[in-house]
Amino acid sequence: MTTDHDAALADSAPNPALAQHIAQWVELFNARDLTGLAGLYEPDSIVVPRPGHPAAGQHRAAALAHLAGMGLPMRAALRLAYTAGDIALLLVDWSMQGTMPDGHEITLHGTATDVARRGADGRWRYVIDNPAGIAT
């Protein structure tokens, strides 16, 4: 017997606070506000700009700056959020499409698998930002 556990969750509304976290990230990214973006990450968090290459600290900031420097607008929506207390696993569908500064057209998309933690202030922040999801 097989069961599609995610199908049962597909009809439920996403966590509003986590959906707002994603919306705020997109807004800051599209505004190229790297300082604001940094506030959405825990100090020891990582971003995985390429599968198998996690980046923390200054490398995390450089990876986000590189992505924002592409000059392409980001779209993202929370698909699912699994929460356990103050920890959340996020599945986020995202895309970037447009013309690069060198004139080439590009389309990027995927489903991120991210981990966030709710701080004492009630705000969610990334612990792991993995835009490639399970891609290898």
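Would you call Ala13 at pLDDT below 95, open to solvent by 70 Å² or more (accessible area, probe 1.4 Å) and not charged (D, E, K, R)? Don't jump to the end; show me each part of the working.
Values: at pLDDT below 95: yes; open to solvent by 70 Å² or more (accessible area, probe 1.4 Å): yes; not charged (D, E, K, R): yes.
Spelling it out, Ala13 is indeed at pLDDT below 95, open to solvent by 70 Å² or more (accessible area, probe 1.4 Å) and not charged (D, E, K, R).
Being over 14 Å from the mean Cα position of the chain (by Cα), among the hydroxyl-bearing types (Ser, Thr, Tyr) and under 19 Å from Gly122 (Cβ atoms) is the requirement here; does Thr83 meet it?
On the way: over 14 Å from the mean Cα position of the chain (by Cα): yes; among the hydroxyl-bearing types (Ser, Thr, Tyr): yes; under 19 Å from Gly122 (Cβ atoms): yes.
It is true that Thr83 is over 14 Å from the mean Cα position of the chain (by Cα), among the hydroxyl-bearing types (Ser, Thr, Tyr) and under 19 Å from Gly122 (Cβ atoms).
Check whether at least one residue in region 63-77 is more than 21 Å from Ala31 (Cβ to Cβ) and in contact (Cβ under 8 Å) with a residue 12 or more places away in the chain, and report yes or no. Walk me through it before giving the result.
Going residue by residue through region 63-77, those that are more than 21 Å from Ala31 (Cβ to Cβ) are none.
No, every residue in region 63-77 fails to be more than 21 Å from Ala31 (Cβ to Cβ) and in contact (Cβ under 8 Å) with a residue 12 or more places away in the chain.
Would you please name the residue that is nearest to Leu37 (Cα to Cα), looking only at residues in region 107-136 that are in contact (Cβ under 8 Å) with a residue 40 or more places away in the chain and among the hydroxyl-bearing types (Ser, Thr, Tyr)?
By that ranking, first place goes to Tyr126.
The values are calculated or read from the model by the stated rules, or taken from the named source; none is laboratory data. This structure is a prediction, so every number in the text was calculated from the model and none was measured. Cβ atoms come from the backbone with ideal geometry, glycine included; neighbour counts cover every protein chain shown. Accessible surface areas use protein heavy atoms only, side chains included; no ligands, DNA or RNA. Shrake-Rupley method; radii C 1.70, N 1.55, O 1.52, S 1.80 Å.
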